[in-house]
Amino acid sequence: MQEYLIQIIDQAIRSIPNILTALLIFIVSLYLAGLISNLLKRALNRRNISSGVTNLLSQTLRWTIITFGIITALQRFFNVTAFLAGLGILGFTVGFALQDIMQNFVAGVILLIQRPFHVGDAINTTNYAGTILAIDLRTTEMKTFDGRIVILPNATILSNPIENYTRADRRLVDLTVGVAYDSDLEQVRELVLNAVESVAGFVTEPASMIVFHTFGSSSIDLTAHFWIDTKLTNPLVAKDAVLIKVKAAFERASVEIPYPIQTVHLQAEK
């Protein structure tokens, strides 16, 4: 019995360096986890990332560092390789089963950090165009311009082009119209340009262009290319206003917008 106690005491004395080293590793990991997670939290706050995502990422980083610290500390007493291998197999199995969920989760985190759009922005992505209602970690909710509510997986959005209409402070608007062949083309150009310049939200730079481009079957076709400030007016509203103004200007100047004409020859049977 005495020899057994002596062996235990001797083993404990010999383990003191490992215990102190493991304790030091654990304390250092706690310090680094707090320091690095706080640095990450400050960086995300400067980018105005939502508090939920900020806390999630900072806590994930904190506990990851602490876990590695615990594993390193335990390595001083026994081989944790087999244990980690078992965890790796389990993690691979669970990860394979939940790969779609995890893919959307990671994509959601990337969207919330990069912020290609915000709640309230009008965007077009994955063949859907509308206003963003909510951005979650797994899905994004959109109200399309025709009133539908669409729930889009974040991974799908991240892997497709995103058009952000709200961020584009200037938009190009095109309006095509045809005039009769006997029209004074320079007069037509001036009338269309005056109509364009009088619309709400019109901007002078980049310069507008009135381009004649097609000899149609019954008309010479032109397209007005002009830019508007999207903060002042909607592109569809601007196009509607210009169309009305152009028609009124043509009527005052007796400029004809011809209808397509087809000539049909009838031949009587002999």
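A few notes on this one:
- Number of positions in the stretch 106-124 that are closer than 11 Å to Asn154 by Cβ and not small (Gly, Ala, Ser): 5
- Test for Val173: is it at pLDDT 80 or above, among the hydrophobic types (A, V, I, L, M, F, W, C) and touching an Asp or Glu at 6+ places or on another chain (Cβ under 9 Å): no
- Residue count for the stretch 131-145 satisfying the condition of being without any contact (Cβ under 8 Å) to a residue 12 or more places away in the chain and exposed (fewer than 15 other Cβ atoms within 10 Å of the Cβ): 0.
- For the stretch 123-136, the count of residues that are in the same structural domain as Leu44 (by TED's automatic domain parsing), modelled with pLDDT of 70 or more and part of a loop (DSSP other than H, G, I, E, B) is zero.
- Exclusive hit being within 30 Å of Gln114 (Cα to Cα), surrounded by 13 or more Cβ atoms within 10 Å (Cβ to Cβ) and modelled with pLDDT under 75, set Ile19, Ile49: Ile49
- Elements of type helices (runs of 4 or more DSSP H) contained in the stretch 148-264, each with 1 or more residues being loosely packed, with under 14 Cβ neighbours inside 10 Å: 185-197, 235-252
The values are calculated or read from the model by the stated rules, or taken from the named source; none is laboratory data. Computed from a prediction, not measured in an experiment: that's the story for all the values here. So basically every Cβ, Gly included, is an ideal-geometry build from the backbone, and we count neighbours across all protein chains shown.
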